[in-house]
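To keep things clear, I will list the structure first and then write my remarks on it.
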Amino acid sequence: MPARRPFVFGNWKMNGLGSDALALAAALKAEGRPAEGTLAVFPPFTQIAVVAQHLEGSGILVGAQDCHEAAKGAYTGSISAGMVADAGATAVLLGHSERRHGLGETDSQVRAKAEAALAAGLDTLVICIGETEAEYLDKATLQVLDRQIEGSIPAGIDVERLVVAYEPVWAIGTGRTPTIEEIGQVHAHLRQKLVAHLDGDGSTVPIQYGGSVKGSNAGSILAVPDVDGALVGGASLDPAEFTKIFTAGGGRFAASGS
Ligand code: 13P
């Protein structure tokens, strides 16, 4: 991952049909090529190919929201990392809380998926971590995040291909966010933890904050040291709001068509 802030990624989750995805991609493309920072979108599996084709050459990355840990086999309904790469994705989200907590995905499964994504040649792995509200109230946040980092991120990973997204589960889709001070404390801790876990190589790994990021709070969140970007859910379905988040964090577009 080229180390240029901000890294603003849109997770479209399970929303929209092909025509909606194309309209969203077209609206983003109309803003021009990202000249400063890195933009990426993560459509549902069935829309990856059409979005990737539409965004080819735009400088906006396209990723999948998950992949299976096996390369192939008898896994009805599953999609491998090689398949998402074949559809045109160059990135993948792994260990999103809606999979960890909704579908019981474990740290070791997330790590196995990361190994599969690396083996399939995907350029960018966004590994998501975050504490639940009960853990937050229990003041166990840092402990939970340490455990997730140790369990989910392969220690020998090529750090150039890694992005870490910190998403407090209780902040996702709720309109609530930690305070700026809390975000700063957690991200400073994550930086130290990544450096330790990745044998000193973690100092350049982008760390995104995610959870109820919108145009109006992006400026203050993205100004926090060690917040290198945002992983955006709901607001990424509104192209104007999504680009507002990107520009609030210092992202810039080159002139349209250049
Ligand atoms: P919201 O931005 O809708 O809170 O979702 C965040 C998220 O889960 C991104 O992966």
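Summary table
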{"item": "The chain, dipole about Cα centre (Lys/Arg Cβ +1, Asp/Glu Cβ -1), debye to the nearest 20", "result": "460"}
{"item": "Surface/4 estimate of mean projected area, convex hull on alpha-carbon atoms of region 29-69, nm²", "result": "3.4"}
{"item": "Simple spin-label estimate for Asp138 and Glu182 in nanometres, 7 Å along Cα-Cβ", "result": "1.6"}
{"item": "Spatially proximal lysines relative to Lys29 (Cα-Cα < 24 Å; intrachain offsets below 8 disregarded)", "result": "Lys13, Lys214, Lys244"}
{"item": "Two-site label geometry, Glu36 and Ala23: point separation in nm, points 7 Å out along Cα→Cβ", "result": "3.2"}
{"item": "Alpha carbon Rg of region 87-218, scaled by the compact-globule rule 2.2 N^0.38 Å", "result": "1.01"}
{"item": "Mean separation of Cα contacts under 8 Å (6+ apart) over length of region 75-226, as relative contact order %", "result": "22"}
{"item": "Efficiency of FRET from Cβ geometry, Asn15 and Leu103, R₀ 25 Å, rounded to 0.05", "result": "0.90"}
{"item": "Candidate residues Ile79, Ile221, Ile172, Ile180: accessible-area rank, largest first, probe 1.4 Å", "result": "Ile180, Ile79, Ile172, Ile221"}
{"item": "DSSP bridge orientation in the chain - percent antiparallel, rounded to nearest 5", "result": "5"}
{"item": "Theoretical ellipticity at 222 nm over the chain - DSSP helices of four or more residues, -39500 (n - 2.57) apiece, nearest 500", "result": "-11000 deg cm²/dmol"}
{"item": "Cα centroid separation - region 172-192 against region 195-258, whole Å", "result": "13"}
{"item": "Simple Cβ-charge dipole of region 1-81, Lys/Arg +1 and Asp/Glu -1, about Cα centre, in debye nearest 20", "result": "120"}
{"item": "Thr76, Thr243, ranked by accessible area, largest first (probe 1.4 Å)", "result": "Thr76, Thr243"}
{"item": "For the chain: span of alpha carbons on each principal axis (Å, largest first)", "result": "47, 46, 33"}
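The values are calculated or read from the model by the stated rules, or taken from the named source; none is laboratory data. The shown structure was predicted, so the numbers you read here are calculated from the model rather than taken from an experiment. Glycine gets a Cβ as well: all are built from the backbone with ideal geometry, and neighbour counts include every protein chain shown. With ligands, DNA and RNA removed, areas are computed over all heavy atoms of the protein, side chains included. Shrake-Rupley method; radii C 1.70, N 1.55, O 1.52, S 1.80 Å.
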